[in-house]
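Notes for the one structure printed next.
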Amino acid sequence: MNPDPTAHHVELLRQAYALWHETRGASVDHWLGLMSGDVTIRSVAGAQPTLQFANPRDGLAEARHYFTALAAEWEMVQFTPEEFIAQGDRVVVLSRCAFRNRRTGREVESPKADVFRFREGKIVEVMEYFDTAAAAAACQPA
């Protein structure tokens, strides 16, 4: 009997998010190890000038740059996954998170949804959704 790949994908993401929270975003190599070499990362924020980390990313080197840019701009305060919804090759993770902008010191809390697509056990697509207006506002001095 073959194990259910959807359940396996959910378990991989549960472990990755637990580590992400525990390390306050320092588990980049773990995340990259889950990704395919041709991974794409997209954000609802697109290419907003105030949210540079959210620029479109293609491939593992660019995926690493996503994490590097995120850590350069933001300090994680908390990240709590609340629900994992899986069907076929996709897993949606609904979370609550809070980050502090390193330049302004302003904190933003937001619901967050990450949509993953897997191929042959590896993440090939990531699309993230969060409160971009609140994040952009936190980039502005008080």
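Determine, yes or no, whether Arg102 is modelled with pLDDT of 95 or more, farther than 24 Å from Pro141 by Cα and basic (Lys, Arg). No. All of Ala47, Ala69, Ala61 fail the test of being surrounded by 13 or more Cβ atoms within 10 Å (Cβ to Cβ), out of contact with any His (no Cβ under 8 Å at 6 or more places or on another chain) and over 15 Å from Phe118 (Cα atoms), apart from Ala69. Being under 24 Å from Pro111 (Cβ atoms), among the charged types (D, E, K, R) and touching a Pro at 6+ places or on another chain (Cβ under 8 Å): is that true of Arg42 here? So Arg42 passes the test.
Contact list please: Cβ distance under 6 Å, first residue in the range 55-76 and without any contact (Cβ under 8 Å) to a residue 24 or more places away in the chain, second residue of a type in the set (Ser, Thr, Tyr) and outside any helix (DSSP H, G or I), pairs at least six apart or on different chains. Going by the 6 Å Cβ cut-off, the qualifying pairs are Asp58/Thr40.
To keep it simple, each residue is scored yes or no on (1) part of a helix (DSSP H, G or I); (2) in contact with a helix residue (DSSP H, G or I) (Cβ under 9 Å, 6 or more places away or on another chain); (3) within 19 Å of Val77 (Cα to Cα); (4) not polar (S, T, N, Q).
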| residue | (1), (2), (3), (4) |
| --- | --- |
| His9 | yes, no, no, yes |
| Leu19 | yes, yes, yes, yes |
| Arg24 | no, no, yes, yes |
| Ser36 | no, yes, no, no |
| Thr40 | no, yes, no, no |
| Gly46 | no, yes, no, yes |
| Phe53 | yes, yes, yes, yes |
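Among the residues of the range 100-117, count how many are farther than 20 Å from Pro56 by Cβ and of a type outside the set (Gly, Ala, Ser). Counting residues in the range 100-117 that are farther than 20 Å from Pro56 by Cβ and of a type outside the set (Gly, Ala, Ser) gives 10. Confirm whether Ala61 is among the small types (Gly, Ala, Ser) and either in contact with a strand residue (DSSP E or B) (Cβ under 9 Å, 6 or more places away or on another chain) or at pLDDT 95 or above (or both). It is true that Ala61 is among the small types (Gly, Ala, Ser) and either in contact with a strand residue (DSSP E or B) (Cβ under 9 Å, 6 or more places away or on another chain) or at pLDDT 95 or above (or both).
The values are calculated or read from the model by the stated rules, or taken from the named source; none is laboratory data. Computed from a prediction, not measured in an experiment: that's the story for all the values here. Methodologically, a virtual Cβ is constructed for each residue, glycine included, from the backbone with ideal geometry; neighbour enumeration extends over all protein chains shown.
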